[in-house]
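Here is the structure we will look at.
The values are calculated or read from the model by the stated rules, or taken from the named source; none is laboratory data. The structure presented is a predicted model; accordingly, all values stated were derived computationally and were not measured. Positions of Cβ are backbone-derived with ideal geometry, glycine not excepted, and every protein chain shown enters the neighbour counts. Areas reflect the complete protein model, heavy atoms only, side chains present, ligands, DNA and RNA absent. Shrake-Rupley method; radii C 1.70, N 1.55, O 1.52, S 1.80 Å.
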Amino acid sequence: MPQTRTPVVAGWFTGDSTDEDFRLLGTRCSACSSVFFPRQDVFCRNPQCAGGELTEVPLSRRGTVWSYTDGRYRPPAPYLSDPDVPWEPYTLVAVELAAERMVVLGQAAPGVGVADLAVGMTVEVAPGVLIGGAAAGTDSAPVWTTWHWRPVPSEGTGGAQGGAA
């Protein structure tokens, strides 16, 4: 039986797409052109705008690391975490999106730790799994999908790109 794949938050990123097509989804105000993530579907959050129609827009796939840290404790609800599964520390990354110039928080891709990151390095968004399936200890558990940030390899070296933005 195929596993059910469910976004952690519906409408915040594209569904089951390839790495190249995966994007975070925001909204843009038609009156002031402000872009919002998380998405805003009711009103423009810009206090200087009388408001306009909000339309869904895909956000930049790449950005620069603004800050990062590691999470070494199991966070409380509403974070989805199976208490029966051993806790695995994770890396949290704040990324300034290239075009939007806004900072978006997210987990680093599996296998990427604080030693692999540097402020100013280029990263890209990728589809990820928060918990579920084999990660939850069973193949029948639902798969909760999310986004991850991963370093972009430098051209010609195969390593992660560093340096200031």
Completion exercise
Counting all Cα-Cα pairs in the stretch 60-151, those more than 18 Å apart amount in percent to 46 percent
Problem - For S81, net neighbour charge (Lys/Arg +1, Asp/Glu -1) across residues whose Cβ lies under 14 Å away - result: -1
Practice task
Calculate the spin-label point distance for L25 paired with Y90, positioning each point 7 Å from the Cα along the beta-carbon direction, and give it in nanometres.
Solution key: 2.1 nm
Exercise for the section: State in Å² the accessible area per residue of the stretch 60-151; use a 1.4 Å probe, count heavy atoms of protein chains only, and round to the nearest integer. Expected result: 51 Å²
Practice task
Quantify, in whole percent, the carbon and sulfur part of the accessible surface of the stretch 1-70 (1.4 Å probe; protein heavy atoms only).
Solution key: 50 percent
Problem - Protein-only accessible surface order, largest first, of W149, W87 at 1.4 Å - result: W87, W149
Practice task
Count the net charge of all other residues whose Cβ sits under 12 Å from the Cβ of S60, scoring Lys and Arg as +1 and Asp and Glu as -1.
Solution key: +1
Problem - Packing-based ranking, highest mean first, of 92-99, 54-61, 18-25 given that Cβ atoms within 10 Å are counted - result: 92-99, 54-61, 18-25
Fill in the blank from the handout: Per the charge dipole of the stretch 60-151 (beta-carbon charges, Lys/Arg positive, Asp/Glu negative, Cα centre), the residue among T146, M102, P78 reaching farthest to the positive end is M102
Handout entry: Förster-model FRET efficiency, 22 Å R0, V103 and D82, C-beta, rounded to 0.05
Key = 0.15
